[in-house]
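Report on the following structure.
Derivation of every value follows stated rules applied to the coordinates shown; laboratory data play no part. Everything numeric in this text was worked out from a predicted model, so none of it was measured. Please note: Cβ atoms are built from the backbone with ideal geometry, for glycine as well, and neighbour counts cover all protein chains shown.
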Amino acid sequence: MKTYRMLVGGAWIVAAGGETFETESPFSGEAWARIPRGTPADVDRAVAAAAAAFADPAWRRISASARGALLRRLGDLVAAEAERLAEIETRDNGKLITEMRGQLRYIPQWFYYFGGLADKLEGRVIPIDKPGVFNFTREEPLGVVAAITPWNSPLMLAAWKLAPALGAGNTVVWKPSEFSSASALEFGRLFEEAGFPPGVVNIVTGFGNEIGERLVAHPRVAKVAFTGGDRTGQSVYELAARSIKPVTLELGGKSANIVFEDAEIDNAVKGVVSGIFAATGQTCIAGSRALVHRSLHDDFVERLLAVAKTARMGDPLDEATQVGPVTTRPQHAKVLEYIEIAKAEGARCVLGGTPATRPECGKGWFVEPTIFTHVKPTMRIAQEEVFGPVLSIIPFDDDEEAIAIANGTLYGLAAGVWTQSIGRALTMAERLEAGTVWVNTYRAVSYMSPFGGYKRSGIGRESGLSAVREYLQEKSVWIDT
Ligand code: NAD
């Protein structure tokens, strides 16, 4: 079994206590690698290394275009290693190889984009209303950025943080999820190979309560960029507030896919199916509520079942597989618990609703694709994030009701709208409380377009021009001539 090391100050180290933990394949259930179990002392070392690298002329005085070139070189290396990294991710988190390949091939774009942006972060000259006074601004990096990432799209979500943070001139300590650290540690080699000075990127592995908190609270960490569950996000926010650190929080969702009576129904069916069952429902943007106009409700459910029933489950490394396992044992138990909650609440289970025991699922942590009808908007199954392949269908009678149901959760990450009316599409784009609204499509993201949550789904934006602002501070310089 492979034993990994952590990257601190350019050295590959074992954890201070020498301990490791095993990472398991969600498909076979077998442990396949040992990951260092980092301690607070390792966090301190990593932050010290990042702070030293931030102060080091090798990084601080490197020209912005040279910094951009490093990021672009890194993008090339990721592209060259995409297949290998995709396989590691699939092995570690059980997501389909087809999906991880797609992500890995796209990840370089974040490094190209923010590498390209590095030398375009200009200040301004302010025409101050006092004679002889000159005022200008500088865009400056914050310092050491703590990047904390979840297990569901490990490298993609890390790229969303690391590319703008490094492009803006910061240094980074990255703590990947304890359930998906192997690909992060493999990725670490590429920073070295691209030529980043030692300490600019550090990776510490381990558990959230053992090292995540130390990282967030560390006095020399200037900013926290976090993706994960909203409860964890809340505690990260509270902890960061104690030392007045800015945060970017990308949290959970309960996104609505709204199918209007004028929708192209087959497209809408495809969109709803991929919105909830892609990645086994383990995406923050999962369209876990389908709001369907009452006039087409029964027809829609019938077509949806016809498609969802044919989903091939099995080995995520097999290209033909369409639904893979749930990533972690606790998550598997949580999904099944929510299914029982929904049944007890009176929702009607019309598909799935059990662990999957098909022979092709082996010993994996599978749950059958599950669909509930007769769901009321106030039920827990319609309010809380399940993070699994569980869809709730809720009928509505008119646009106002659809908006009220869609907006009627604490979350506001994304929404899908299926209609042929441009007027309705624009109204929905305005009235839905969500950081992303998709019309006649779902799950599209780009390095160019801002991504983030309204309400309890988060704070700040990743990707696009907005993202780099999350990693800069503006200085006002006055000169009395
Ligand atoms: P999680 O909140 O359990 O863990 C996320 C990360 O935080 C992990 O690295 C974990 O070790 C760390 N962590 C845990 N406790 C911590 C603490 N007290 N202090 C600091 N760090 C701590 O989330 P998860 O289960 O890994 O991921 C699933 C969640 O992530 C879902 O809720 C999902 O919606 C969300 N998510 C959001 C987005 C988005 O962009 N909005 C994307 C993907 C996933």
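Values for this structure:
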| read-out | value |
| --- | --- |
| The stretch 229-288: chymotrypsin sites (Phe, Trp or Tyr not before Pro) falling in loop per DSSP and having at most 10 other Cβ within 10 Å | none |
| Bridge type composition, the chain - antiparallel percent by DSSP, nearest 5 | 40 |
| Hypothetical label at Val477: residues of the stretch 134-171 whose amide nitrogen lies under 16 Å (7 Å Cα-Cβ projection) | 134-141 |
| Formal net charge of residues neighbouring Thr98 (Cβ-Cβ distance under 13 Å; K, R +1; D, E -1) | -3 |
| Percentage relative contact order, the stretch 256-439, counting C-alpha pairs under 8 Å, at least six apart | 28 |
| Nearest-ten-degree value, helix 265-277 long axis tilted from longest Cα axis of the chain | 60 |
| Label point distance in nm, Glu238-Val14, each placed 7 Å from Cα along Cα→Cβ | 3.7 |
| Between helix 97-117 and the chain: long-axis angle, C-alpha atoms, 0 to 90°, nearest 10 | 40 |
| Shape of the chain, Cα gyration tensor, a/c cut at 1.5 | oblate |
| Within the stretch 388-447: Cβ-based charge dipole about Cα centre, in debye rounded to nearest 20 (Lys, Arg +1; Asp, Glu -1) | 340 |
| Virtual spin-label span in nm between Asp318 and Thr3, 7 Å along Cα→Cβ | 3.5 |
| Formal net charge of residues neighbouring Asp42 (Cβ-Cβ distance under 13 Å; K, R +1; D, E -1) | +2 |
| At R0 = 35 Å, FRET efficiency that the Cβ-Cβ distance of Trp32 and Leu426 yields, to 0.05 | 0.10 |
| Given charges at beta-carbon only (K, R positive; D, E negative), |dipole| of the stretch 324-481 in Debye | 520 |
| Total charge dipole magnitude, the stretch 1-53, about the Cα centre, Cβ charges on Lys, Arg, Asp, Glu only, Debye to nearest 20 | 180 |
| Efficiency of FRET between Glu87 and Val125 - r from beta-carbon atoms, R0 51 angstrom, step 0.05 | 0.50 |
| Long pairs among Lys175/Lys270; Lys175/Lys254; Lys175/Lys455; Lys309/Lys363, criterion Cα-Cα beyond 31 Å | Lys175/Lys270 |
| Which of Arg289, Arg424 has the fewest Cβ neighbours within 10 Å, and the rest in rising order | Arg424, Arg289 |
| Ranking of Ile341, Ile244 by count of other Cβ atoms within 10 Å, fewest first | Ile244, Ile341 |
